[in-house]
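The structure appears right after this line, and notes come after that.
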Amino acid sequence: MSKLSGKKLIDTIKNKGKGLEAEMSFFDHLEVLRWHLIRSAIAVVIFMVLAFAFYDFIFDDIIMGPKSPDFWTYRMMCKIGALLNIEGFCVTEVPGTIINTQMAGQFIMQINSSLLIAVMLGFPYLLYEVWLFVKPALNEIERKSASGFVFYATILFMLGVLFGYYIVVPLAINFLANYSISDDISNTITISNYLSFVATLSLGCGIIFELPIIIYILSKMGIMTPQFMRASRRYAVVIILLVAAIITPTPDIITMITVSLPMFLLYELSIIVAARVYKKRMKTDVDFYKGENK
């Protein structure tokens, strides 16, 4: 009995030691995550302070840019309209008045917009911190395959934001500002609503442009295959056209094609990405089974 009791006691101590080790490992991970979050927050604060310091330029040229007829997109539309002899394609006026209806509305708007600019500018660093946190949990093959994650995700996000800001936002603002159901109703827009509209469309396009990265991750997990994506292409076309119609509720086909074309290209690019991942996975499986048969 004493020997059995001693053995049980030793086993209990060993199991307790393993539990404490796992517990410490869990808290170590929390500590690492905490420092990643702290560094990310510091980066956002720094970019926010810079945005706040140069806010005159940010507000006049960036935030209010799509509201001005001198905006780059409207000037290009005028040139294209003149070149293709399309009447009504040139934008010479964007009606509507931007107002503030709250005592602290302008100050809160400056804080919120500075934060949005900070997040967009700090996006590459935020992704880098995510990568540093996830990297230790990956094996060598996974690290090599995901080594360009930060670079490609940043490029796609920035392209999406630029597409949303220079294409989707001005087209939507031009249509909605000129849309009227009665001459007795004038468009008077609050500054918070205007900022939310511009930010939502710009950031929304940035997220949509991350589709190839999402497909890559799903393909690595075995959830998405190129065969499924090719078979679902007809449904994807309908969904893309619906999204384009919602994002830019304009009646002309040219605007709809302009917005939907990059989405079609992104879908085809995602199929290529899924096919490459699928091919590598099949090759790995073949090599594995060949090694088993030897």
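The values are calculated or read from the model by the stated rules, or taken from the named source; none is laboratory data. Bear in mind that the values here come from a model prediction, so they are computed numbers and not experimental data. Because the Cβ atoms are built from the backbone with ideal geometry, glycine has one as well, and the counts that use them run over all protein chains shown.
When every residue of segment 170-191 is checked against the conditions, none turns out to be assigned by TED's automatic domain parsing to the domain that holds Phe89 and of a type in the set (Phe, Trp, Tyr). Scanning segment 178-235 for residues that are modelled with pLDDT under 85 and among the aliphatic types (A, V, I, L, M) turns up Ile217, Leu218, Met221, Ile223, Met224.
In segment 177-211, of all residues being over 22 Å from Ile62 (Cβ atoms) and assigned to a helix (DSSP H, G or I), the one that is farthest from the chain's Cα centre (by Cα) corresponds to Asn178. Has segment 83-100 got any residue that is of a type in the set (Phe, Trp, Tyr), surrounded by 15 or more Cβ atoms within 10 Å (Cβ to Cβ), more than 27 Å from the chain's Cα centre (by Cα) and modelled with pLDDT under 90? Looking for residues that are of a type in the set (Phe, Trp, Tyr), surrounded by 15 or more Cβ atoms within 10 Å (Cβ to Cβ), more than 27 Å from the chain's Cα centre (by Cα) and modelled with pLDDT under 90, one finds at least one in segment 83-100, hence yes.
Of the residues screened, Ser260 is not one that is surrounded by 19 or more Cβ atoms within 10 Å (Cβ to Cβ) and at pLDDT 90 or above. Of the set (1) touching a residue at least 12 places away in the same chain (Cβ under 8 Å); (2) more than 27 Å from Ile272 (Cα to Cα); (3) of a type outside the set (Phe, Trp, Tyr), all apply to Arg230 but (2).
Among residues of segment 55-81 that are free of Cβ contacts under 8 Å to residues at least 60 places away in the same chain and in the same structural domain as Ile117 (by TED's automatic domain parsing), those with a Cβ under 9 angstrom from a residue that is in a helix (DSSP H, G or I) and basic (Lys, Arg), sequence gap 6+ or separate chain, pair up as Pro69/Arg75.
Against the list (1) within 30 Å of Tyr216 (Cβ to Cβ); (2) part of a helix (DSSP H, G or I), the condition Ser147 fails is (2).
The residue that is surrounded by the most Cβ atoms within 10 Å (Cβ to Cβ), counting only those in segment 149-160 that are farther than 16 Å from Leu269 by Cα and without any contact (Cβ under 8 Å) to a residue 40 or more places away in the chain, is Val150.
Residues being at pLDDT 85 or above and under 21 Å from Ile272 (Cβ atoms) are represented in segment 143-151 by at least one member.
Counting only residues that are touching a helix residue (DSSP H, G or I) at 6+ places or on another chain (Cβ under 9 Å), surrounded by fewer than 17 Cβ atoms within 10 Å (Cβ to Cβ), among the small types (Gly, Ala, Ser) and farther than 27 Å from Asn112 by Cβ, segment 182-222 holds 1 of them.
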